[in-house]
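Asks: Okay, handing you the structure first.
The values are calculated or read from the model by the stated rules, or taken from the named source; none is laboratory data. As the structure is a computational prediction, the values presented were derived from the model and not from experiment. Cβ coordinates were reconstructed from backbone atoms using ideal geometry, including for glycine residues, and neighbour counts include every protein chain displayed. Just so you know, the surface numbers come from the protein's heavy atoms only, side chains and all, with ligands and any DNA or RNA stripped out. Shrake-Rupley method; radii C 1.70, N 1.55, O 1.52, S 1.80 Å.
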Amino acid sequence: MGMGNGAIRIGRQGQDWTVKSALDGEINIGLMGLGTVGGGVAAALLDNAEAIRRKTGRAARLRRVLVRDAGRTRQPALPPGTLTVNPEDILSDPQVHVVVETIGGDAPAGEYLERALAAGKHVVTANKEVMSRRGPALMALAQERQVNLLFEASAGGGIPIVGCLMSQLLANDIHSIRSIINGTTNYILTRMARSQTAFGDALAEAQERGYAEADPTNDIEGIDAAYKLSVLGSLAFHRRIPHQAIFTEGISRLAPEDFRYAAELGYAIKSLAIAAAAPDGGIQARVHPALVPEDHLLAKVDGVYNAVEVTGNLCGQIILHGQGAGRDATTSAVMGDLLNILRTIDNADGPPPLPLPDGGSPDAAHQVHPIDQLSSAYYMRLTCADQAGVLAQIARILGDGNISIATVIQKDTDPGSGTAQLVITTYPAREMDVQTALQSVARLGVVASVNNLIRIEE
Ligand code: NAP
Ligand code: HSE
């Protein structure tokens, strides 16, 4: 167990150190946050005390719970004196052995976690933003203080992908991660594709179900997925992938007709988070909507479900699939971390080493390639004048840009405006060439608008 928690080394018997733990009794938990996730964790601790003791050999007691507003009625109801609005009741209390953080966001949660670790407390967090921004530094601090820092719920909700990358897959050279790691956007995209639900209605449903972040912009614009990809990619590729370096494009430009046309072409539309090792030693990292062939497993991941496909030199291709958000699935991940700590808290050698980044410093980061170097196939949807010669003008510009057309379909002719929708797919081309060509296409007098450009992930 962490020496900062009061373990006292009292002697050596033969080859073994005998450790007298100051934690002979209950393990006290300080829970920060009592919202969707924190509420699930509090209920699990209060309702399952006996099962937890049986599974871990230790009794866990919910000692304090930090919230912003002490006046609100809370679910679950807590024992009197448990709720507090003062973080010092947890951070400065030497009797709190484990801090479980479910507040979210970088401030003040990041500082709380740093202080908890520095005080020798074990930490479990569901916070992808903090782990993306400060993960390697916090891991180094945890290592130094010989305490656990576990963060399974920070990416993939109930899917045990973080632990997998930190242990079961550690022997691999990882080639790529391709994933659906935001439950809110996948829920919205599924509702739009399957039931023609309007974007705003689908988002409201996801919020009601407790999937969305406090600011759902983070979900919709791909920022939440970029934090998670940064966490998973940094573990997989053993060096930081700063979330700011990840190309991020949200789902708000997708229109009902994109789903219709994609389906006719044999694709589903998913928001993918991809990190892949590039031949030059750099990393390609991106979050954006993509057309995925209907028969690929990722195309079949619906609703709040997430999936992470990992390809490694030894394991080959693995896909983990499960609920990516919501109270119960996330509680499973947080409680799994907590029970692991309870099981091992008395280990004389302290927690197992965390896979700290290569490069000598927690800040050592990968070189992430800019998106314009990507080579991909594309789907483009344009509104054009419905007249002869339009396609020839567009095809000439694409051809001049080394972009080879794979399919063209004309849809939804509107006699009133004299326009039609033109849907073009291309063979793989360079992103920079495609973006440049589309700017020229947009300037054509016969093109009313370039409505969407979506990468195709084969
Ligand atoms: P939430 O429902 O908004 O709950 C946040 C809780 O934190 C609330 O109890 C709030 O107090 C408390 N809080 C916020 N700011 C605080 C502050 N400055 N000081 C003290 N307490 C504060 O959020 P959530 O959905 O449970 O998410 C929590 C974390 O889990 C986030 O990092 C999120 O990304 C992550 N996560 C969420 C899910 C999910 O499905 N929801 C899944 C995986 C990971 P009040 O109750 O007084 O407002
Ligand atoms: N808002 C996040 C999502 C919660 O929808 O995936 C889980 O991290």
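Asks: Looking at the stretch 76-115, which of the residues that are open to solvent by less than 30 Å² (accessible area, probe 1.4 Å), hydrophobic (A, V, I, L, M, F, W, C) and in contact with an Asp or Glu (Cβ under 8 Å, 6 or more places away or on another chain) is farthest from G350 (Cα to Cα)?
Replies: Ranking the candidates gives A109 first.
Asks: Next question. Could you tell me whether V147 is away from ligand 2 (no atom under 11 Å from the Cβ), of a type in the set (V, I, T) and part of a loop (DSSP other than H, G, I, E, B)?
Replies: Judged against the criteria, V147 is a match.
Asks: Identify, please: which residue in the stretch 239-281 is assigned to a loop (DSSP other than H, G, I, E, B) and of a type in the set (K, R) and is, among those, surrounded by the fewest Cβ atoms within 10 Å (Cβ to Cβ)?
Replies: So, considering only residues that are assigned to a loop (DSSP other than H, G, I, E, B) and of a type in the set (K, R), the one surrounded by the fewest Cβ atoms within 10 Å (Cβ to Cβ) is R253.
Asks: Could you please tell me which pairs satisfy a Cβ distance under 7 Å, a separation of 6+ or placement on different chains, a first residue in the stretch 210-233 that is in contact (Cβ under 8 Å) with a residue 60 or more places away in the chain, and a second residue that is open to solvent by 30 Å² or more (accessible area, probe 1.4 Å) and more than 8 Å from ligand 1 (Cβ to nearest atom)?
Replies: G222/T248; G222/E249; D224/N218; A226/T248
Asks: Going by the conditions given, is A226 open to solvent by less than 60 Å² (accessible area, probe 1.4 Å) and more than 16 Å from ligand 1 (Cβ to nearest atom)?
Replies: Taking the combined requirement at face value, the residue does not satisfy it.
Asks: Right, V65: open to solvent by less than 70 Å² (accessible area, probe 1.4 Å), closer than 24 Å to G324 by Cα and touching a residue at least 24 places away in the same chain (Cβ under 8 Å) or not?
Replies: no
Asks: For the stretch 82-100, does any single residue satisfy the condition of being among the small types (G, A, S) and touching a Leu at 6+ places or on another chain (Cβ under 9 Å)?
Replies: no
Asks: Follow-up question, since we're still on this one. Out of the stretch 313-332, which residues are near ligand 2 (Cβ under 9 Å from one of its atoms) and either open to solvent by 30 Å² or more (accessible area, probe 1.4 Å) or on the phi > 0 side of the Ramachandran plot (or both)?
Replies: G326
Asks: Let me ask something else about it. If the requirement is being over 28 Å from D412 (Cβ atoms), of a type in the set (A, V, I, L, M, F, W, C) and more than 10 Å from ligand 2 (Cβ to nearest atom), which of these qualifies: L232, L189, L254, L272?
Replies: L232
Asks: Follow-up. What about A307, is it over 27 Å from R53 (Cβ atoms) and open to solvent by less than 10 Å² (accessible area, probe 1.4 Å)?
Replies: Here the answer is yes, as A307 does meet what is asked.
Asks: Continuing with this model, one more query. Determine whether the stretch 195-207 contains at least one residue that is under 16 Å from T125 (Cβ atoms), open to solvent by less than 10 Å² (accessible area, probe 1.4 Å) and not charged (D, E, K, R).
Replies: No; the residues of the stretch 195-207 include none that is under 16 Å from T125 (Cβ atoms), open to solvent by less than 10 Å² (accessible area, probe 1.4 Å) and not charged (D, E, K, R).
Asks: Same structure again: Which residue pairs have Cβ atoms closer than 7 Å, lie 6 or more positions apart in sequence or on different chains, and pair a first residue in the stretch 125-136 that is over 7 Å from S154 (Cβ atoms) with a second residue that is of a type in the set (V, I, T)?
Replies: Here the result reads S132/V231; G135/V231, each pair linking the stretch 125-136 to a residue that is of a type in the set (V, I, T).
Asks: Say whether the condition of being aliphatic (A, V, I, L, M), part of a helix (DSSP H, G or I), within 16 Å of ligand 1 (Cβ to nearest atom) and not assigned by TED's automatic domain parsing to the domain that holds E152 is met by at least one residue in the stretch 190-201.
Replies: Checked against the condition, which is being aliphatic (A, V, I, L, M), part of a helix (DSSP H, G or I), within 16 Å of ligand 1 (Cβ to nearest atom) and not assigned by TED's automatic domain parsing to the domain that holds E152, the stretch 190-201 yields no hits at all.
Asks: Among the listed residues T73, T36, T56, identify the single one that is within 12 Å of ligand 1 (Cβ to nearest atom), crowded, with 18+ Cβ neighbours inside 10 Å and of a type in the set (S, T, Y).
Replies: T36
Asks: Here is a list: L291, L232, L342. Which entry is open to solvent by less than 10 Å² (accessible area, probe 1.4 Å), touching a strand residue (DSSP E or B) at 6+ places or on another chain (Cβ under 8 Å), of a type outside the set (G, A, S) and not assigned by TED's automatic domain parsing to the domain that holds N172?
Replies: L342
Asks: Scanning for something in a strand (DSSP E or B), among the polar types (S, T, N, Q), closer than 26 Å to S154 by Cα and out of contact with any Lys or Arg (no Cβ under 9 Å at 6 or more places or on another chain), does the stretch 322-344 turn up at least one residue?
Replies: Yes, because at least one residue in the stretch 322-344 is in a strand (DSSP E or B), among the polar types (S, T, N, Q), closer than 26 Å to S154 by Cα and out of contact with any Lys or Arg (no Cβ under 9 Å at 6 or more places or on another chain).
Asks: Do we find that L141 is assigned to a helix (DSSP H, G or I) and surrounded by 24 or more Cβ atoms within 10 Å (Cβ to Cβ) in this structure?
Replies: Answer is no for this residue.
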